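To keep things clear, I will list the structure first and then write my remarks on it.
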Amino acid sequence: MGARELRRGEELKVSSKFEARLLIRGVGFRLFGNGIVRATLHTSEMTTSPDLATDFLTLSHHIVSSLPIRKKTRATYRSVLRNHLNPVFGNQEITSISRSDIQRVISYLPPQTAATTLAVMKTIYREAQSRSLIGSSPAHGVSGPKVMVAPRKFLIWQELEQLDFGKYTTQIQFMALHGLRWSEAVVLTQADIRDGRIYISKSIHGQTKSRAGIRMVPLVSQFKELPKSPKTLNRILRPYEVTTHSLRHTYAYLLKQQGVHVTTAQRLLGHSDPRVTMNIYTQVLDNEIDEVGVLLSRAVK
């Protein structure tokens, strides 16, 4: 069956939202519990009738609601819209927003927030372009802020293995020795561990963070089911000024100590961008500087 051009208010019976996207050529639709999908907006109507929700508020809501993204990401997008974009652009027509308008909004925000806000704007306008609602995107070419990320404090394995975390020692050591994100580790079962390997293919959000997150890592310590909330382990780790995510840095640094190549480490950590792995690998601890001093002293004697 080919795609249909439903008019606003027209209904169609479908089995899922995915099928609705395949069958309907339109900007937005609403899927009811009984499998009835109702077209809410139509491309041809939106381009000719300015009163049919071409305002930024309504369009951005429809786009973010229909994007194939994780629940957590969608919540972030909606938070950005609610706190930073809708108060400024809410009632404006999407075609009336200029590049300088967007630049002005992000210039008042902290660097990390500004970078996220710009990413949301680019996504919204990219989707609007793909639906033939605009000719060009005003977000294209907007200069984003330089985000300076301070090195994350972490414990090296030699420090961590000496600590007693009570009944959660096994779980914390497991995370430090395998580099899993908490969202991946919490849904792990014994069925995912076989032949001396851990097979990672899901997270608490359903999908892994990215396609690179689907991976396997060598099993080197005992697995024990994790508590259902990261707050439990984070509370135990807080006195050491680290978090469950810091344990991934412990793992990365252990790989570095063992001479594992950065591209192999990237794969084991599930990083889609090798620069993320490099940022960890290029962290230099004070003891490494001392070790270099010893090596140089030996070399010149």
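The values are calculated or read from the model by the stated rules, or taken from the named source; none is laboratory data. Source: prediction; values computed, not measured. Here Cβ is always computed from backbone atoms with ideal geometry, including for glycine, and neighbour counts include all displayed protein chains. For accessibility, only protein heavy atoms count, side chains too; no ligands or nucleic acids. Shrake-Rupley method; radii C 1.70, N 1.55, O 1.52, S 1.80 Å.
Which FRET efficiency value, to the nearest 0.05, do you get for residue 301 and residue 240 by plugging their Cβ-Cβ distance into 1/(1 + (r/R0)^6) with R0 = 41 Å? If you can, show how the numbers build up before the last one.
Working: r = 39 Å, r/R0 = 0.94.
Efficiency computed from Cβ-Cβ geometry: 0.60.
Within 9 Å, Cβ to Cβ, of residue 142, how many net charges do the neighbouring residues add up to if Lys/Arg are +1 and Asp/Glu are -1? Present the calculation step by step, with values, prior to reporting the outcome.
On the way: positive: 99, 122; negative: none.
The answer is +2.
About its Cα centre, what dipole magnitude does the range 164-283 give when the only charges are +1 on Lys and Arg Cβ and -1 on Asp and Glu Cβ, stated in debye to the nearest 20?
Numbers: 17 positive and 7 negative charges, 48 e Å.
The dipole magnitude comes to about 240 debye.
Summing charges over all other residues whose Cβ lies under 13 Å from the Cβ of residue 165, with Lys and Arg as +1 and Asp and Glu as -1, gives +1. Using a probe radius of 1.4 angstrom, the carbon and sulfur fraction of the accessible surface of the range 184-231 is 53%. Name the shape class, rounded, prolate or oblate, that the alpha-carbon gyration tensor gives for the range 186-301, where a ≥ b ≥ c are the square roots of its eigenvalues, rounded holds for a/c under 1.5, and otherwise prolate holds if a/b is larger than b/c and oblate otherwise. Cα axes put the range 186-301 in the prolate bin. Applying a DSSP loop filter and a limit of 11 other Cβ atoms within 10 Å to the trypsin sites (Lys or Arg not before Pro) in the range 187-255 leaves 228.
Once you charge only the Cβ atoms, +1 for Lys and Arg and -1 for Asp and Glu, what is the size of the charge dipole of the range 54-133 about its Cα centre, to the nearest 20 debye? Please list the in-between numbers first.
On the way: 11 positive and 4 negative charges, 87 e Å.
Charge dipole of the range 54-133: 420 debye, to the nearest 20.
Annotation for residue 193 and residue 83: the two label points, set 7 Å from Cα along the Cα-Cβ direction, are 3.8 nm apart. Taking label positions 7 Å along the Cα-Cβ direction at both residue 257 and residue 93, the computed distance is 6.3 nm, reported to one decimal. Rounded to the nearest 0.05, what FRET efficiency do residue 162 and residue 212 have when you use their Cβ-Cβ distance and R0 = 30 Å? Result of the calculation: an efficiency of 0.40.
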